[in-house]
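One structure below.
Quick note: the coordinates plus some simple rules give every number you see, no bench work behind them. Worth saying up front: this structure is predicted, and the values here are computed from it rather than measured. Virtual Cβ from ideal backbone geometry, glycine too; neighbours counted across all protein chains shown.
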Amino acid sequence: MRVSAAVLAVILAGCSPGMAPDAGSPMDAAAPVDANRPDAQADVEGTGEWTLVIRYVHFPELPPSGSREVPGMDLDGHVTASTRDPIGCYFEDWVAPAAYVDTEGIDNQSPNILTAVSALNPMADLNGDVMRSVGDGGATHVMRITRIGDAIDDGEVDVAVFRVEPTAPLVYETVVVDGTPRELLAPGQTFRVHPESLIEGRPRTELPNASLRGGRLFTPPGHFSLRIPSSSGGVTHLELHGLHIGGRVSAERLEHGLMAGYVRVEDVPATIESLNLDRPVDPMTIDSITEQIADLDTDGDGTCEAVSMGVAIEGVAATLVFP
């Protein structure tokens with residue numbers, strides 16, 4: 001039995017803008033805007049390095065009724081306050097909790113994506129799958145920040161992200177996250193770079209010329225491939241373009257961190273197929289999904305052809321070794 005477009009209409013009733021997703025003016029979906037970001041001061045060329053293992057990854061769910069708070073980033077440089085605004089693809093933006101870098105104009109369709117996936121497969125648990133794979137080493141990643149000259153304000157540092165494997169049995173500690181005790185990776189462990197994270201010896205995901213401002217990390221756009229082994233036996237594939245990483249960072253930890261970017265409309269069918277759903281999804285239904293949740297115009301051609309996505313992340317100090 002296939003999931004029909006009629007069923008999809010019910011699934012997306014709460015998140016569809018109810019209008020054709022055509023943007024009214026060009027925008028740049030690869031440049032988050034932070035109006036409070038300080039200008040670069042006298043930056044010191046440095047040799048410092050920080051290595052942080054990402055031990056917590058969470059796709060935000062829909063907030064409680066009456067709230068617009070969802071972690072994420074402003075990916076299009078525009079605060080969309082109305083579902084009549086074509087610049088924002090007719091999607092009203094979220095407002096992030098104050099702990100995060102941006103607080104207004106948040107572009108993040110993760111809550112609506114989770115809602116649709118749950119409706120298509122009530123047994124699906126994307127957040128549970130990603131935390132299991134992070135905790136058991138199946139999809140563990142390390143972020144490395146190099147060329148650090150000033151730990152608080154540095155206008156030129158480099159960032160790379162690696163998929164890694166543990167070099168010894170993993171150690172955990174109990175950490176309270178959002179009021180819930182969780183068993184997360186303990187700091188101080190050593191990880192080896194997975195060969196698939198390298199292309200001719202270079203990191204597959206590099207974000208050069210990033211910056212530290214007031215102890216927060218800001219990166220330029222990049223690309224990131226995430227593979228999440230699922231409890232259903234499949235592997236969920238996510239190709240994030242225009243990737244930015246942000247958060248309060250130090251040599252010891254990454255707090256209130258974010259990875260935000262977008263999935264291109266043409267990549268959505270492969271992502272849905274990778275969910276390994278019990279009921280195949282009709283291609284027309286997939287087209288309807290992408291048309292109704294696409295919220296970014298990445299090339300300024302007046303068509304919304306990408307779906308924003310943001311995940312909350314936390315990290316702690318680790319050691320990285322290369323193969």
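Here are the numbers for the structure shown:
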read-out	value
Pairs of Cα atoms farther than 15 Å apart, region 189-281, %	71 percent
Region 233-323 - Rg and Dmax from Cα coordinates, angstrom	16.8, 48
Calculated SAXS-style log₁₀ I(q)/I(0) at q = 0.13 Å⁻¹ - region 113-268, Debye, Cα scatterers	-0.71
P(r) tail fraction, region 51-99 - alpha-carbon pairs more than 18 Å apart, %	43 percent
Reduced Cα scattering model of region 81-197, Debye log10 I(q)/I(0), q = 0.10, 0.14, 0.15, 0.23 Å⁻¹	-0.52, -0.99, -1.09, -1.23
Between region 215-256 and region 81-153, the Cα center-to-center distance that results, in Å	9 Å
Antiparallel bridges, percent of DSSP beta bridges restricted to region 185-323 (to nearest 5)	90 percent
For 202, 227, 147, 163, order by how many other beta-carbon atoms lie within 10 Å, fewest first	202, 227, 147, 163
Two-site label geometry, residue 61 and residue 223: point separation in nm, points 7 Å out along Cα→Cβ	3.4 nm
Tensor-based shape of region 150-239 (alpha-carbon gyration tensor, a/c under 1.5 rounded, otherwise prolate or oblate)	oblate
